[in-house]
Amino acid sequence: MSRSTHASTDAPPAAPAGDGRPRRADAHRNRERILDAATQAFAAAGTVPLESIARDAGVGIGTLYRHFPTREALVEAVYAAELDAVVASASALPDSTLADAALRAWMDRYAQFVATKRGMIDTLRAGWSSGRIATPTTRERITAAIAELLAVGERDGSLRADIRPNDVTAMLLGVFLSTAGSGASEQTGRLLDLTVDALRSRRDG
């Protein structure tokens, strides 16, 4: 918005023309498109050429490398963004939704994260082993998200009050491990249904 010459002295100065703001906005959009394309590619096919990811993102390979100089840098960014998203989704629940239903929906989001992680696991393991990728506190953060949902379920009466969050984490990891590589998404869904059913409170009458 333009300001007159009588504007107060505490107003921020107008940005000079060509200050790079449109370019920074374009760079941010490109980065997000690359992350979105990489997330989908890793979840669907695992190891894929970076050129393919750049093409799916609608950018050149040079643009991809400016944001992510190595495959490890891209994998680390995708992993961090997905972990942040799945943890944050535990708090983004409609007030009208009981915690048992919210927990079941969140499990589907967690399953998506696990599927994406499988497509990056070789790069992640190599990066963690070498120290080139920081070791994340994934299990701790996932367990904290589960604890948040369980606390809501205890208050609204939809979930049992005697559940340990870390036990739920272990149960979910067992489900994902047992169905890994089988493509049995329907079986995964059934096992998650059974898991939530075991966690529901049993109210007489």
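Annotation note: Cβ proximity below 7 Å between a residue of the range 49-69 that is surrounded by fewer than 14 Cβ atoms within 10 Å (Cβ to Cβ) and a residue that is charged (D, E, K, R) and not in a loop (DSSP other than H, G, I, E, B) (sequence gap 6+ or interchain) occurs for G58/R33.
In this structure, does I133 turn out to be touching a helix residue (DSSP H, G or I) at 6+ places or on another chain (Cβ under 6 Å), within 22 Å of A37 (Cα to Cα), outside the structural domain of A38 (by TED's automatic domain parsing) and not in a helix (DSSP H, G or I)? Judged against the criteria, I133 is a match. The number of residues in the range 143-167 that are in a helix (DSSP H, G or I) and either more than 21 Å from the chain's Cα centre (by Cα) or not assigned by TED's automatic domain parsing to the domain that holds A102 (or both) comes to 7.
With respect to (1) part of a helix (DSSP H, G or I); (2) under 13 Å from the mean Cα position of the chain (by Cα); (3) touching a residue at least 12 places away in the same chain (Cβ under 8 Å), the lone exception for R33 is condition (2). Checked against the criteria, H28 counts as exposed (fewer than 14 other Cβ atoms within 10 Å of the Cβ), assigned to a helix (DSSP H, G or I), outside the structural domain of A151 (by TED's automatic domain parsing) and modelled with pLDDT under 95. Do the conditions hold for A170, that is, is it in a helix (DSSP H, G or I) and more than 16 Å from the chain's Cα centre (by Cα)? Yes; evaluated as a whole, the condition is true for this residue. Going through (1) modelled with pLDDT under 95; (2) surrounded by fewer than 19 Cβ atoms within 10 Å (Cβ to Cβ) one by one, A90 falls short only on (2). Among the listed residues A99, A43, identify the single one that is closer than 25 Å to L149 by Cβ, surrounded by 21 or more Cβ atoms within 10 Å (Cβ to Cβ) and modelled with pLDDT under 95. Result of the check over A99, A43: A99.
Of all residues in the range 41-75, those satisfying the criterion of being of a type in the set (G, A, S) and either under 21 Å from H28 (Cβ atoms) or assigned to a loop (DSSP other than H, G, I, E, B) (or both) are A41, G46, A54, A57, G58, G60, G62, A73.
The values are calculated or read from the model by the stated rules, or taken from the named source; none is laboratory data. This is a predicted model, so every value here is computed, not measured. Cβ atoms come from the backbone with ideal geometry, glycine included; neighbour counts cover every protein chain shown.
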